[in-house]
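What follows is a set of notes on a single structure, which appears directly below.
None of the figures in this text is laboratory data; all of them are computed from the coordinates on show. Note that this is a predicted model, so its numbers are computed, not measured. In this analysis, Cβ positions are derived from the backbone assuming ideal geometry, glycine residues included, and neighbour counts consider all displayed protein chains.
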Amino acid sequence: MNAPNLLSIADPICPVVATSNYKSLPHSYPGAVSISCSMPRGYSTSSVYKKLAPMGFKNAPMPEYLSRFTALLAALDPAEVLADLQALALRRAVQMGYPEDQAAGFPPVMLCFESPGNGPANFCHRQLVAAWLEEHLGIEVPEVTARDGQLKLYVPRKTKPVTEAQDALAL
């Protein structure tokens, strides 16, 4: 099976890991990894990483949410999380029939429900995970979308300010 025309790790602008939402990335993308508490109906992915899901507090008031999510991240090793995400993406691509050398070319894309956007109204925990990985591993974790059969970097119409939630999270 040939890999679809998606960015691969060999591409100089291809991220090691990225974020997106269920509406922006088709479930057929081999590197899709759910980090939410649940998935939308009809979205099937064999890659689920519950260690990054806000289980039991996703609807908590923002101060409590940030406190609990900060504690969740503090209990994790960022390098181990990245390795786990990459292993999940690789395993799923191999299960989908890609040879291992091609399967390794699909970067993991962490998914949840929220659409990307500006300001606190578009707050999403994947932004916190991305900032945490960037801070601790020195990598860039961009937001991506799929258009025309390709994985594309998401470019917001306005400069995306640091949200109140991200600013409050002491990384």
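Please give me the summed charge of the neighbours of LYS51: other residues whose Cβ is under 12 Å from its Cβ, Lys and Arg +1, Asp and Glu -1.
Numbers: positive: LYS50; negative: ASP77, GLU80, ASP84.
Its environment carries a net charge of -2.
Calculated FRET efficiency, GLU64 and ILE139, Cβ-Cβ r, R0 35 Å, to nearest 0.05? Mind showing how you got there, number by number?
Numbers: r = 29 Å, r/R0 = 0.83.
Using R0 = 35 Å, I get an efficiency of 0.75.
Cα gyration tensor of the range 9-114, axes a ≥ b ≥ c as square roots of the eigenvalues: rounded (a/c below 1.5), prolate (a/b > b/c) or oblate? Please report the intermediate quantities before stating the final value.
Values: a/c = 2.23, a/b = 1.62, b/c = 1.38.
Prolate, because a/c is 1.5 or more and a/b exceeds b/c.
With the dipole of the range 38-107 worked out from charges on the C-beta (+1 for Lys and Arg, -1 for Asp and Glu) around the Cα centre, which of MET39, LEU73, ALA103 lies farthest toward the positive end?
The residue sitting most towards the positive pole is MET39.
In sequence order, what are the phi-derived ³J(HN,Hα) couplings for the range 67-72 according to the Karplus relation 6.51 cos²θ - 1.76 cosθ + 1.60 with θ = phi - 60°, rounded to whole Hz, with x for glycine and proline?
4, 5, 6, 4, 5, 4
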